[in-house]
Every structure is written in C-alpha cells, then in structure tokens.
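Worksheet: one structure, shown below.
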Amino acid sequence: MLKELKFFWETLKETYKEWNDSSASSDSASLAYYAIFSIPGLLIIIIWLAGYFFGEEAIRGQISTQISGMMGTDVAKSVEEMIAGALIDKENIFMKIVGIGSLVFGSTTLFFQLQKSLNNLWDVEAAPKKALVKFVLDRANSLGMILILGFLLMITMVLSSLISLFNNFITGYFGLETYYIVELINFSVGFGITVLLFALMFKVLPDVEISWKSVWKGAMLTSLLFTLGKFLLSLYFSEFKPTSAFGTAGTVILVMMWINYSCMLIFFGAEFTKVYTYKRNYKILPSRHAKWSSAKLYRESQMKETVQSNT
C-alpha cells in the first residue's frame, strides 16, 4: 500500500512538471474560444437526441438547471437564448439540411480541436496518405462523443427525476437518513458518469492505443479534480462575480473561463494517463490512421546518439 502511494505521488509530481511545461494553458484558451461557436450546435443535437425520449422542453430545463448550478442563472438564460437563436426552420427542407450540416460541423469542432491537442500531448499525428480518411473519422468520433453526452444526460435526468419523485415518499416512510443515503447514491452515480465520460475522452479521442488501466486512473483523478473545482468555481462566481465589470459580455467570458478551466483539467488528466502508462511500461501504439510525430522521433534519435556517445 505504501509503495503504491509513493508511486502515485511520484507520478503526480512528474505529471505536474510535464503539464506545466506543455502548451496546456494556450490550448485550453483556444478550446474556450472554439467552445463559444460549438455550444449552440452541441446542445441542440443533445436536445434533439434526448428530447426524442423525454421531450425537448424537459431536456432544455435539465440543461438549464445544470448550467445554472455551475455558472449561475444569467449564464443559463444566455445559453437558452443562444439555443433559441440557432434553432432550425423545420418547414423548409433545404434550410433544414443546410442547418443540420452546419450544426453538426460546428458542434464537432470543439471535440475535433480537443483531439488535436491530445494528439500533440501523446506525440502522434495523422499519417499523410490517410489524412482525408483521418479527418472524416475524427469528425465521426467527435459526433460520437456528443451522442454519448446526450445519452449520459438522459441517465442523469432519469436519476434526478426519480429522486425528486420519491423525495417525500422516502422521507416520510424511511426517515431523513435514508433520503440522505439515496442522495449519496445519486451523487455517486453522477460521479461515476463523469469518470466514464473522461475515460472515453482519454481512450477514444487521441490516436493512440493505450491500456484501459491507465485510462481509468487518469479519468478518476480528473473527475475528482473536476468535482472539487466545480464546487469552488461555482462558489467563486456566485460570491465575487468576477465578470460583472464586462457588462453584457460577462456571460460569454464566464463560459470561456469555465471551459478554459475544464480543458486544463482534461489536459492534466491526460498527462497523468501518459506518465502513468510510461512508468508502468504499458504498450503504446499509434492508431491505424496515425504515426509518431516527427518531434518524438527526433527526440528519440537524439537520446540514442547521446547514449552511444557516452558508451
């Protein structure tokens, strides 16, 4: 046990050093910019997907509640306006086709750019002869992540609805302690869904074949940091209102700050996954449509030359 804790601490220290020396800060800022253009399309697709089962109004309300809990009612209201402004004219077939195409392209841009950043972190790049196929597959993967988000939102909504429905029943017949236990179970399931989402990001998005053991470790750490940071940031935003000086642009800046923070945590978790994988000597290979980057190959050749010159 002590040995494992020491290994974890050493991995964590090395992760921080690598993360601090990387381009995580600038990449997170870029993704926050792309997110502003991706959010309307992303949310509309999720609303269409989940709304098919629960009704669009119910899903909109759930999304608004989630955003309000994280960033406040003003941001939730602004996001609702963004969604309303991006709704497609379903009567005109041509506009519907063009609108859906633009929504899919816009909504997948965030995950597409996130994938490029994760590939840089793992030192892989698209193979030149497969660049077009790779581009199509990347967009498909990004759309797949959006569909997964919609599915996970549905699960969260079902659980929240069941807890609300049986709230009075549980409290009245089993006591307040039982209700707290059910709430704890609800939180645990929500946390598990967050872990699953980060695990899929680390496994599916980057063009490397890595062990699930490393992925789960990185996803667990990222989820813990994300849950803690979400609470602290919500408290900070509600108490100090750092964007109040920006007027009407404050909500956009708040969303960008939130995305920037989330992406920095994702990169930290991905860096931890990478460091953990190398320290455990697990196998790492580029995917079928990718190859090791020239920077990585150059570093390896320099290391070999250094070793040969020393011997």
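Conditions: (1) at pLDDT below 75; (2) part of a helix (DSSP H, G or I); (3) surrounded by 13 or more Cβ atoms within 10 Å (Cβ to Cβ). Gly218 meets all but one. Number of the miss?
Of (1) at pLDDT below 75; (2) part of a helix (DSSP H, G or I); (3) surrounded by 13 or more Cβ atoms within 10 Å (Cβ to Cβ), only one is false for Gly218: (1).
From the list Thr227, Thr273, Thr248, which residue is on the phi < 0 side of the Ramachandran plot, β-branched (Val, Ile, Thr) and modelled with pLDDT under 80? Before the answer, list the steps.
On the way: Thr227 fails: modelled with pLDDT under 80; Thr273 fails: modelled with pLDDT under 80.
Only one candidate passes the filter, namely Thr248.
Please work out which residue is farthest from Ala127 (Cα to Cα), limiting yourself to the range 271-287 and to residues that are within 24 Å of the chain's Cα centre (by Cα) and assigned to a loop (DSSP other than H, G, I, E, B). Spell out the reasoning first.
Applying the first criterion (within 24 Å of the chain's Cα centre (by Cα)) to the range 271-287 yields 271-278, 284-287.
Next, from what is left, pick out any that are assigned to a loop (DSSP other than H, G, I, E, B): 284, 287.
Values: Ile284: 17, Ser287: 10 Å.
Looking at residues that are within 24 Å of the chain's Cα centre (by Cα) and assigned to a loop (DSSP other than H, G, I, E, B), I get Ile284.
Counting residues that are among the hydrophobic types (A, V, I, L, M, F, W, C) and at pLDDT 75 or above, which helices (runs of 4 or more DSSP H) fully inside the range 1-101 reach at least 3?
Numbers: elements: 2-21, 24-54, 56-71, 73-85.
Passing ranges, in order: 2-21, 24-54.
Determine which single condition Lys279 fails, assuming it passes every other condition in (1) modelled with pLDDT of 90 or more; (2) closer than 20 Å to Val195 by Cβ.
(2)
Would you confirm whether any residue within the range 191-199 is within 17 Å of the chain's Cα centre (by Cα), surrounded by 13 or more Cβ atoms within 10 Å (Cβ to Cβ), over 28 Å from Phe53 (Cβ atoms) and modelled with pLDDT of 65 or more?
Looking for residues that are within 17 Å of the chain's Cα centre (by Cα), surrounded by 13 or more Cβ atoms within 10 Å (Cβ to Cβ), over 28 Å from Phe53 (Cβ atoms) and modelled with pLDDT of 65 or more, one finds none in the range 191-199, hence no.
The values are calculated or read from the model by the stated rules, or taken from the named source; none is laboratory data. All figures in this text were calculated on a predicted structure; none of them were measured in a lab. Note: ideal-geometry Cβ built from the backbone for every residue, glycine included; neighbour counts use all protein chains shown.
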